[in-house]
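The values are calculated or read from the model by the stated rules, or taken from the named source; none is laboratory data. Note that the structure is predicted; figures quoted are calculated from it, not measured. When we count neighbours, we look across all protein chains shown, and the Cβ atoms used for this are built from the backbone with ideal geometry, even at glycine.
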Amino acid sequence: MAFSLFSAKARNPVAARCRDDSVTKLRLRYAPYYHAMEGQQGTTVRLDGRDLIMLASNDYLGLSFHPKVIEAARAALLRWGTSPTGARVSNGSRAYHLELEEKLAAFLGKEACHVHAAGYLSCLSGVAAFAQKGDYILADKNIHSCLWDGVRLSHASVERFSHNNAEDLRAVASSLPADAAKLLVIEGVYSMEGHIAPLPALMEVASEHRLFTVLDDAHGFGVLGRGGRGTSDHFAATDRVDIICGSMSKALASTGGFVAGDKALIEYLRTHGKHTIFSAALSPSQAAAASAALDVLQTEPEHIERLWKNQKRYIAMLRSLGLDTWGSETPAVPVVLGDKMRCYAFWQALREKGVFTVMSIAPAVPPGKDLIRTAISAGHTDEQLDRIGDAFAYAVKRC
Ligand SMILES: Cc1ncc(COP(=O)(O)O)c(C=O)c1O
């Protein structure tokens, strides 16, 4: 009997489910994701033979082409090779891990820090390592997927509270057993909305109910606070937050992530956090790039100044066109269009005018909040901002 690969696959329910998936079909039809960029230089990307202004990157400070960052990554490659060779628990830490951790801890105002190969891993571990079965996690309903994964993997019970709503947090915390261990899981800057967490009000509830607080500051680090020390520094609340986790793929122009807190907490993470123990370490060149970017952040304040100057000009332009920016107060700026086909047309019009953005549609955002997700960078020039303004004006007219 002849064996047919196709019919064998057709009988396989997992493959059939994947083939029939509506998101996959939508993507195959319109291809709004996973673009094959042919080149990148600062805030410009090359796609289908055309240079486009990148308005979707998280390289907030525009440091990914900074000469000191590139040189540090190159030197680390030559000194340490390409690989960390495995997990630190068994293969050992390297000097570049320890130096970066010391620097990050000092910068953030925490005793200790642990770096991972991805921000996703850091934020997931920052929750999963500290919570356990029988605990309660109080989570802002808009937290990032990595934090939800941490919540699930911890086996703790979860209670959601309304986004950025301290009164709702208080009501939820009050409804739980007073003597149970409880964790508060929030972001400093919400990546999709660009909202800043109202930390003083949230920390008041955390003190009243003795909540262990985990703050994911992936989008606040390098952007808010004194010299970019992040959201907790912005509110002078670093001492009140137990764990600050985040990513080095945004302002630090690298990849990887960090978890910072008291020495005892970081030691606990290293001995109890499965994702910390059983995962290969941050690579030499990425650690060196992040470390050099952190130095640049502290010695060249002009990058943060430029970022905020660009942010103010960009937001003002969007609002003058009557666009809904969901109240964003940061360089992460959504443009809410409320309907996925309108989003697609808008996204295409921007691309036609040479501006690359990202569509974010339900279920990634709440129903009716379909949006174009954009992020402004210190790397955008005045001339690029003019062109971005023209492109948005064109897209508004078209759509
Ligand atoms: C809020 C937040 N936390 C964590 C991460 C994960 O960071 P990374 O992409 O560097 O793994 C992201 C990524 O976009 C994020 O937006």
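Quick notes
- Flag for ALA128 being more than 15 Å from the chain's Cα centre (by Cα), surrounded by 16 or more Cβ atoms within 10 Å (Cβ to Cβ), at pLDDT 95 or above and under 27 Å from ALA287 (Cβ atoms): yes
- Of the set (1) more than 14 Å from the ligand (Cβ to nearest atom); (2) basic (Lys, Arg); (3) in a loop (DSSP other than H, G, I, E, B), all apply to LYS250 but (1).
- The stretch 111-149, residues that are touching a strand residue (DSSP E or B) at 6+ places or on another chain (Cβ under 8 Å), small (Gly, Ala, Ser), closer than 15 Å to LEU265 by Cβ and assigned to a helix (DSSP H, G or I): SER122, SER125, GLY126
- Residue that is surrounded by the most Cβ atoms within 10 Å (Cβ to Cβ), among those in the stretch 138-177 that are under 21 Å from the mean Cα position of the chain (by Cα) and basic (Lys, Arg): ARG160
- Members of the stretch 348-368 that are assigned to a loop (DSSP other than H, G, I, E, B) and polar (S, T, N, Q): THR357
- Only one of the numbered conditions (1) in the same structural domain as PHE278 (by TED's automatic domain parsing); (2) buried (at least 17 other Cβ atoms within 10 Å of the Cβ) is violated by THR85, and that is (2).
- The single residue among SER122, SER162, SER175 that is over 28 Å from GLY194 (Cβ atoms), modelled with pLDDT of 95 or more and assigned by TED's automatic domain parsing to the domain that holds SER279 turns out to be SER175.
- Any pair with Cβ under 7 angstrom, 6 or more apart, that starts in the stretch 380-391 at a residue that is within 15 Å of LEU61 (Cα to Cα) and ends at one that is surrounded by 16 or more Cβ atoms within 10 Å (Cβ to Cβ) and modelled with pLDDT of 95 or more: HIS380/THR43; HIS380/ASN310
- Pick from the stretch 274-303, criterion in a loop (DSSP other than H, G, I, E, B) and within 16 Å of the ligand (Cβ to nearest atom), ranking: surrounded by the most Cβ atoms within 10 Å (Cβ to Cβ): LEU282
- Close pairs from the stretch 98-110: first in the same structural domain as GLN286 (by TED's automatic domain parsing), partner aromatic (Phe, Trp, Tyr), Cβ under 7 Å, at least 6 apart: LEU104/PHE258
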